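Everything below concerns the one structure shown next.
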Amino acid sequence: MRYQELLLESRAHYKQMKPIDNQLVSSFVFTNGAEWMLQRMNELDGKERIFDTSISYEKYGYSKYGICLVVFLLTGIFLFFKAIFLLPLAIIVFYFLEIHSLFLFPLLIDKVENPIRTSIRMTYKIGIFSALATVIPIGFFMLIGLLNLRNPLKNWYLGCLSILIWYGYEKD
């Protein structure tokens, strides 16, 4: 799917969503996010999933983004010293790694066996360039939204909803 369609669909769902409580900032950011995703997934497809506290969302989240950030920084340093004008390529490298685990959290919530391998398969089924062309604009949309002082997380929620909606189309 195209990012515009996903964001339009997420905006429509966001308007119908129950109000979001301001979640407390805690060290369990990925667990809190997974719980929020579970609620949205239940709303989107009408299923009644139960939150599984035995899944280490923190381990998966910190591993996923830790690897992406380390490679992003190393790529950035390398490009800075080799050809500074190529520095924006570090962003593409970050997202290239990130899309391989694009559907990791929904797959964990759905208790799919081998969620990492399944996410990678889904990414390659979509196509690397197609996934990048969809994820990068959604990622920038989410990050730019953080500058909105009135509701800095609105775009973040819309971007996450977009990925959940996309997962709903791809898993079938």
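The values are calculated or read from the model by the stated rules, or taken from the named source; none is laboratory data. As the structure is a computational prediction, the values presented were derived from the model and not from experiment. Ideal geometry is used to build each Cβ from the backbone, glycine not excepted, and the neighbour counts take in all protein chains shown. Only protein heavy atoms, including side chains, enter the accessible area calculation; ligands, DNA and RNA are left aside. Shrake-Rupley method; radii C 1.70, N 1.55, O 1.52, S 1.80 Å.
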*Any chance the range 160-172 includes a residue that's without any contact (Cβ under 8 Å) to a residue 40 or more places away in the chain, on the phi < 0 side of the Ramachandran plot and surrounded by 16 or more Cβ atoms within 10 Å (Cβ to Cβ)?*
no
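Could you list, in sequence order, the residues of the range 112-123 that are open to solvent by less than 60 Å² (accessible area, probe 1.4 Å) and more than 21 Å from TYR3 (Cβ to Cβ)?
Filtering the range 112-123 for residues open to solvent by less than 60 Å² (accessible area, probe 1.4 Å) gives 112, 115, 118-119, 122-123.
The answer is VAL112, PRO115, THR118.
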_Meets criteria (of a type outside the set (Asp, Glu), out of contact with any helix residue (DSSP H, G or I) (no Cβ under 8 Å at 6 or more places or on another chain) and assigned to a helix (DSSP H, G or I)) for LEU7_ = no
*Answer yes if at least one residue in the range 52-68 is more than 16 Å from GLU170 (Cβ to Cβ), touching a residue at least 24 places away in the same chain (Cβ under 8 Å) and open to solvent by 80 Å² or more (accessible area, probe 1.4 Å), and no otherwise.*
yes
*For residues in the range 82-111 being farther than 30 Å from LYS47 by Cα and not in a helix (DSSP H, G or I), which is least open to solvent (accessible area, probe 1.4 Å)?*
ALA83
*Could you list all residues from the range 124-158 that are open to solvent by less than 60 Å² (accessible area, probe 1.4 Å), part of a helix (DSSP H, G or I), over 13 Å from ARG2 (Cα atoms) and of a type outside the set (A, V, I, L, M, F, W, C)?*
GLY139, GLY145, ASN155, TYR157
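Consider LEU79 carefully, then state whether it is free of Cβ contacts under 8 Å to residues at least 40 places away in the same chain, in a helix (DSSP H, G or I) and open to solvent by 100 Å² or more (accessible area, probe 1.4 Å).
no
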